[in-house]
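The values are calculated or read from the model by the stated rules, or taken from the named source; none is laboratory data. Just so it is clear, the model here is predicted, and its values are computed rather than measured. Reconstructed Cβ throughout: ideal geometry from the backbone, glycine too, with neighbour counts over all protein chains shown.
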Amino acid sequence: MNRLKIELKWAFIFMAMMLVWMVLERITGLHDVHLDKHEIYTNFVAIPAILIYVLALRDKREKFYGGTMSYGQGVISGLIITLVVTIFTPLTQYITSTLITPDYFNNVIKYAVGLGKMTQDEAEAYFNLKNYILQSTMFAPIMGIVTTLIVAIFVKKK
């Protein structure tokens, strides 16, 4: 377990950042009054997400590997972080959807139907907790793997 201590720490930091990001989105109105801008600004979460992976792999390199780390060691560390984040993604999505922004689905359904992009039934089938948990749980490992593979290139050190 001590071997995974750094990865666990950074996985939980990542999840906390995601929850804080959701709070910020809600506070700034991206989940209601500025829903039309949500599609653009939500993508900026990639900046702190990538930064966390960089800091995590650097932390692993310095504290566990004594300042040197191969690409493979970085990839393994990043994949462990990704696995932990993925396991907890349904919980973080549940917290987001029920505690942080419980009106989001109603708001986005009304918005999509109002624009004529979807029927009421289509919007309700797409914008709901079950579907968002499924989507985010599939998206988390994809983005975590891609981020890991790229960040490990820059963090490796001989």
Q) Which of the helices (runs of 4 or more DSSP H) contained wholly in the stretch 1-75 include at least 3 residues that are in contact with a Gly (Cβ under 7 Å, 6 or more places away or on another chain), at pLDDT 95 or above and crowded, with 16+ Cβ neighbours inside 10 Å? A) 46-63
Q: Run Thr148 past the list (1) polar (S, T, N, Q); (2) touching a Ser or Thr at 6+ places or on another chain (Cβ under 7 Å); (3) within 29 Å of His31 (Cα to Cα) and report the number of the one that doesn't hold.
A: (3)
Q) Consider Val113 against the criteria (1) modelled with pLDDT of 95 or more; (2) over 26 Å from Glu25 (Cα atoms); (3) over 22 Å from the mean Cα position of the chain (by Cα): it satisfies all of them except one. Which criterion is unmet? A) (2)
